[in-house]
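Since the structure comes first, as structure tokens, the remarks are kept for the end.
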4 protein chains.
Amino acid sequence: MGIALGANRYGKSGVHLVVVDRDAPQHTITDWQIDIRLEGDFDAAHIHGDNRAVVPTDTMRGTVFAFARTQPVGQPEDFGLRLARHFVATIPSVTVATVRLRATPWVRIGEHPSAFTADASVVRTAEVRVDGEGSHVTAGITDLRIFKTSDSAFADFHTDDFTTLDPTDDRMMATVMTAEWRYGDTDIEWDASASAVRDILLSAFATHDSASLQHTLFAMGSAVLEQRPEITDVHLLLPNAHHLLVDLTPYGLDNPNRVFVSTTEPYGVIEATVVRD
Amino acid sequence: MGIALGANRYGKSGVHLVVVDRDAPQHTITDWQIDIRLEGDFDAAHIHGDNRAVVPTDTMRGTVFAFARTQPVGQPEDFGLRLARHFVATIPSVTVATVRLRATPWVRIGEHPSAFTADASVVRTAEVRVDGEGSHVTAGITDLRIFKTSDSAFADFHTDDFTTLDPTDDRMMATVMTAEWRYGDTDIEWDASASAVRDILLSAFATHDSASLQHTLFAMGSAVLEQRPEITDVHLLLPNAHHLLVDLTPYGLDNPNRVFVSTTEPYGVIEATVVRD
Amino acid sequence: MGIALGANRYGKSGVHLVVVDRDAPQHTITDWQIDIRLEGDFDAAHIHGDNRAVVPTDTMRGTVFAFARTQPVGQPEDFGLRLARHFVATIPSVTVATVRLRATPWVRIGEHPSAFTADASVVRTAEVRVDGEGSHVTAGITDLRIFKTSDSAFADFHTDDFTTLDPTDDRMMATVMTAEWRYGDTDIEWDASASAVRDILLSAFATHDSASLQHTLFAMGSAVLEQRPEITDVHLLLPNAHHLLVDLTPYGLDNPNRVFVSTTEPYGVIEATVVRD
Amino acid sequence: MGIALGANRYGKSGVHLVVVDRDAPQHTITDWQIDIRLEGDFDAAHIHGDNRAVVPTDTMRGTVFAFARTQPVGQPEDFGLRLARHFVATIPSVTVATVRLRATPWVRIGEHPSAFTADASVVRTAEVRVDGEGSHVTAGITDLRIFKTSDSAFADFHTDDFTTLDPTDDRMMATVMTAEWRYGDTDIEWDASASAVRDILLSAFATHDSASLQHTLFAMGSAVLEQRPEITDVHLLLPNAHHLLVDLTPYGLDNPNRVFVSTTEPYGVIEATVVRD
């Protein structure tokens, strides 16, 4: 029995591209952190130290910067598609290229043409994969903190010898949402679609009568699939940001769902994909 | 020559209080991370292991939660004053109490009465110090990312054998602002004042014709003092979030202030207090 | 076309268990951060809000603490196996349980029986998965920073229009190693095996004449498989912690591979599994 | 009443210098993260945008790299003194220069001459301040996690209406130590002194019969001053890494100081300077 190379990939992470467009009186900022991964036939490099098939990660970085100059960068998915297709088309050893982008939005200060603040609450992500079967686009929202102060219960769950949680028909529900959704093709108005998905997710979260975080997750994913035909499935990762009711009886006080302590560890994690069938 | 106890203080950090007010149909969320520090005569505890003067940090935490129930919490500065005055007034060994609060704002989702998103771009801070001379309040804004794509230069600086930077009359200026300002008394509409200061700082940043980050810092601080008589001085901490023009000549391309790489290290830091004289 | 629940899992993260054994005069500390994930039939919870199949994540936490009392915890893999088997065996809805552990080692201060320092350079991980096919154990080392000041080259690589990197036969090589390896069965002396793997990886890294980080990765993985028959494959994740030679010519100085700047972004990432065939 | 510039300083942070010495067969690595701050007369820059007194932070970085080439770098304090004295001596506007260094130790892998692992448990710091009164050196240890499983009590403390903590004569004590100590002059074997201080602190922590973290802090600081005459005072910052005894009674189990949960928030912080008088 011998030893061989199994699955492998490599690339550049943390390429922080900022493109400033000052052609019009109202400037704009594009701010993307970009990760690139390549897969293909790199056996010779690993096994024999023969680098002829290896494109340096430094070249990947250079390609990002050059591409940002030769054409308008467009939306994150557009730029990811350009990059990923380039790597697969021009590097003989490469069969799969994946590009991830994390976009920080810069919002104009008032009406000022050239001054901005970052809005961390609308960070969005995109992942483009180009392989032998074509181009695949996933878009997302990351790190969006959301909180529901009513219409959230958790009761009638499985119990055993290690159960200590009391069932409740009224609890605080908070999470830091990471959502990713896949598209069926690549001819999409990406920004408009992402913005619509964000609104649908928030609305579904706000209006749901929740029996559990799982229950709300499915309602959120379903709402997206119902309203956005261009999307094939939705993945939601919802850590449960616990808010524990503080026991105030040692101080002679009641606590009718008013004073909570927010804890970071341990925390529940609920994760699922909602699909079309 | 002997050994003695010098300056000392202790307390509880990271008390994450969340108060949900559901008395009105439109719910509200108060979300504060609180640090408490006490100073006073704790020689016996340190030197002899005699704890009779020491209030456990656990008690500080309990006081936060109990106080959040017995009265409306009000604005961060109000709650900080209540806590700090309580510790100085009721614990014989304590001569100085300092309470820091970091407030995360929760913004209603649309018109929904009980669903919220966090807006990390308007986190504000408050620090209350109560000592033998009275009560002192400092308020602040933290981690606000701002960017200016025009009207920023840096030239005519001191040069020596180790200078490599080229002077420029047109550069990108970006920073992650932390501002703190002190009040002359404690009878203030805290939230309204903080909101006004935020607007003044952003407006001054946006409209300034900048010869350096120092120059803009002073303009920002001055604008606050000119417009807000209740404030005695302003401290600004402005790390320089460098955006370096990428050299595209290896790819046969020019780069007329369009494609930048954002770097995290090393970074400049500019820090100053603007005062009344 | 309808909407359905796809892949899903949930559990508790960040359960930080510390077990102190004081039965013998020489105390010992077990310090584990534990994540649990369960998979199974949770359709009713997601789709209908019916929680009868759902074990609360709070119960998972309780199970950890109770299990830590009822038997000696043993090595991380032992405890992970106990937990994962328990969840699959006792909860009807659960078909797969995965337990991840991150172990912080506490090293005795000198010969002292009850005082310790943490050694962050030997953190190790374990992941146990129990499913319908049996029990599967993966062990690992995480965040081990390693550096090679000779015998590292990178040349003769693929070039194109975006290449700027110069080939070199002498560069610094540094990485923050994360290694994970799988076992063929569960009757293993886990700590001894992990310790041996760590030594093999470090030795292979130290003595390799490297043509690239890929080349060294394969040598490291191969060495493990050659010397440890209990291991079926090895996954290595090696970010390239770049050390760039500083250009000192502006200061009239040469730099014969002596003065470097360590940069954090962007960074290369090399990742592969070395397998038996 | 006018507006003026108050206290101010500026500089470069995060200059990550790595010097590799390959002159001898056994290579060595020096790995320092360096922050520089300058104070002086910068009124014209702030108020009028006149940069003639301002040395760019880019020049500070260049000075670090050039100095690393022109002489052996020596120990962190040596290099900090060289840098700080240079800035005060050669830049007319500068009256105070402060240099902070954080040194990551790289430990040889076995006997190998050119392969290393980082040992995060012995990170040390140095801060050099040069001003009109001379040169002042502070050295330190940072982020050293220590744990005591016996000889730690906390009882007989102050109680009031908000007390819930039970007194105990036997608890776990853990902290993440940051220590800094000042020297009376600059003619010191820095590495040897720091190494000795580290041993003294650990030994004092291990052997102390503790009535509180304050009590142990003072014992640790006193031990340093008693044994190291070159040191004038010691500052210790000791966050209390709480290990809470888990209540196992819901599972029908006792818990004789055996099973603990380690929590990160909230946490106590004890801080003091031990001085000579």
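In the range B:166-277, carbon and sulfur make up what percent of the accessible area (probe 1.4 Å)? Display every interim value, and only then the final one.
Working: 2110 of 4390 Å².
Looking at the range B:166-277 in its full context, I get 48 percent from C and S.
Report in % the part of the accessible area of the range A:50-109 that belongs to carbon and sulfur, leaving out ligands and nucleic acids; probe 1.4 Å.
Numbers: 1080 of 2030 Å².
Ligands and nucleic acids excluded, carbon and sulfur reach 53 percent.
Per residue, how many Å² of accessible area does chain C show with a 1.4 Å probe? List each step's numbers first, then the result.
Details: 10430 Å² over 277 residues.
Ligands and nucleic acids excluded, the figure is 38 Å² per residue.
Which Cα, out of A:205, A:240, A:11, lies furthest along the positive dipole direction of chain A (beta carbon charges, K/R +1, D/E -1)?
A:11
I'd like the FRET efficiency for residue C:226 and residue C:253, computed as 1/(1 + (r/R0)^6) with the beta carbon distance as r and R0 of 51 Å, rounded to 0.05. Don't jump to the answer; show the numbers that get you there.
Values: r = 45 Å, r/R0 = 0.89.
It comes to 0.65.
Which residues in the range C:204-243 place their backbone N less than 17 Å from a point set 7 Å from the Cα of residue A:43 along the Cα-to-Cβ direction?
Answer for this model: C:215, C:218-219, C:222.
Could you please report the charge total around residue B:248, scoring K, R as +1 and D, E as -1 over all other residues with beta-carbon less than 11 angstrom from its beta-carbon? Display every interim value, and only then the final one.
Numbers: positive: A:69, B:258; negative: B:247, B:254.
Its environment carries a net charge of 0.
Could you compute the net charge surrounding residue C:235? Neighbours are other residues with a C-beta less than 12 Å from the C-beta of residue C:235; K and R count +1, D and E count -1. Walk me through the intermediate numbers first.
Working: positive: A:9, C:182; negative: C:127, C:180, C:233, C:271.
After counting each charged neighbour, the total is -2.
In straight Cα distance, which lysines are under 23 Å from residue B:148, not counting same-chain residues fewer than 8 positions off?
D:12
Along its three principal axes, how long is the range B:104-247 when you only count alpha carbons? Whole Å, largest extent first please.
54, 45, 25
Springs between alpha-carbon pairs under 10 angstrom, Gaussian network model over chain A: which of A:222, A:114, A:212 fluctuates most?
A:114
I want to check the label-to-label distance for residue B:196 and residue C:90. Put each point 7 Å from Cα in the C-beta direction and report it in nm to one decimal.
Once both label points are built, they end up 6.2 nm from each other.
Treating only the Cβ of Lys, Arg, Asp and Glu as charged (+1, +1, -1, -1), what charge dipole size does the range A:91-232 show about its Cα centre? Round to the nearest 20 debye.
Once rounded to the nearest 20, the dipole reads 600 debye.
Roughly how big is the C-D contact, given as buried accessible area in Å² (both sides, 1.4 Å probe, nearest 100)? Working shown, then result.
Details: alone 16080 and 16080 Å², together 27310 Å².
For C against D, buried area totals roughly 4800 Å².
Are there residues in the range B:6-45 whose accessible area shrinks by at least 50 Å² when all protein chains are included rather than the chain by itself, and which are they (probe 1.4 Å, ligands and nucleic acids not counted)?
So the qualifying set is B:9, B:13, B:16, B:18, B:20, B:22.
Tell me the label-point distance for the pair residue A:107, residue B:7, using the 7 Å Cα-to-Cβ offset, in nm and rounded to one decimal.
In this crude label model, residue A:107 to residue B:7 measures out at 3.9 nm.
What accessible area, in Å² to the nearest ten, does a 1.4 Å probe give for residue B:135?
40 Å²
Give the calculated FRET efficiency between residue A:187 and residue A:245 to the nearest 0.05, with a Förster radius of 45 Å applied to their Cβ-Cβ distance.
On the way: r = 50 Å, r/R0 = 1.11.
Efficiency computed from Cβ-Cβ geometry: 0.35.
If you place +1 on the Cβ of every Lys and Arg and -1 on the Cβ of every Asp and Glu, how big does the dipole about the Cα centre of the range A:10-88 come out, in debye to the nearest 20?
Values: 8 positive and 11 negative charges, 39 e Å.
Roughly 180 debye for the range A:10-88.
Along the charge dipole of the range A:105-175, pointing to its positive end and built from +1/-1 on Cβ of Lys, Arg, Asp and Glu, which listed residue (A:137, A:125, A:115) has its Cα farthest out?
Positive-most Cα among the choices belongs to A:115.
Using only the Cα atoms, what convex hull volume per residue in Å³ does the range C:185-235 have? The partial results should precede the final answer.
Details: hull volume 3.5 nm³, N = 51.
Taking only Cα atoms, the range C:185-235 has a hull volume of 68 Å³ per residue.
Can you give the helix-only mean residue ellipticity at 222 nm for the protein assembly as shown, where every DSSP H stretch with n ≥ 4 adds -39500 (n - 2.57) and the sum goes over all residues, rounded to the nearest 500 deg cm²/dmol? Present the calculation step by step, with values, prior to reporting the outcome.
Numbers: 20 runs with 272 residues, N = 1108.
Theoretical 222 nm ellipticity from helices: -8000 deg cm²/dmol.
Sort out for me the Cα centre separation of the range C:140-166 from the range B:19-79, rounded to whole Å.
52 Å
What are the ³J(HN,Hα) values, in whole Hz, obtained from phi via the Karplus relation 6.51 cos²θ - 1.76 cosθ + 1.60 with θ = phi - 60°, for each residue of the range D:184-196 in sequence order, with x given for Gly and Pro?
Karplus values, whole Hz, x for Gly and Pro: x, 8, 10, 9, 10, 7, 4, 4, 5, 5, 4, 5, 5.
Would you look at the GNM of chain A, springs on alpha carbons closer than 10 Å, and say which of A:191, A:41, A:23 moves the most?
A:23
Per residue, how big is the convex hull of the protein assembly as shown when only Cα atoms are used? Give it in Å³.
On the way: hull volume 199.3 nm³, N = 1108.
Looking at the protein assembly as shown, the number lands at 180 Å³ per residue.
Give the relative contact order (percent, whole number) for the range B:80-153; include only Cα pairs under 8 Å separated by 6+ residues. Walk me through the numbers before you get to the answer.
On the way: 116 pairs, mean separation 20.9, N = 74.
It rounds to 28 percent for the range B:80-153.
Can you compute the charge dipole magnitude of the protein assembly as shown about its Cα centre, using +1 on each Lys and Arg Cβ and -1 on each Asp and Glu Cβ, nothing else charged? Give it in debye, rounded to the nearest 20. Don't skip to the end; give the middle numbers.
Working: 88 positive and 156 negative charges, 0 e Å.
Roughly 0 debye for the protein assembly as shown.
What relative contact order, as a whole-number percentage, does chain A give when Cα pairs under 8 Å and 6 or more residues apart are counted? Mind showing how you got there, number by number?
On the way: 519 pairs, mean separation 34.2, N = 277.
For chain A, the relative contact order is 12 percent.
So if I take the centroid of the Cα atoms in the range C:209-277 and the same for the range D:202-250, what is the distance between those two points in Å?
Using only Cα atoms to place each centre, the spacing works out to 40 Å.
Largest first, how would D:251, C:183 line up by accessible area (1.4 Å probe)?
D:251, C:183
The values are calculated or read from the model by the stated rules, or taken from the named source; none is laboratory data. Because the structure is predicted, anything quoted here is derived from the model rather than measured. Note that each Cβ is placed from the backbone with ideal geometry, even for glycine, and that neighbours are counted across all protein chains shown. Protein only, heavy atoms only, side chains kept; ligands, DNA and RNA dropped before computing areas. Shrake-Rupley method; radii C 1.70, N 1.55, O 1.52, S 1.80 Å.
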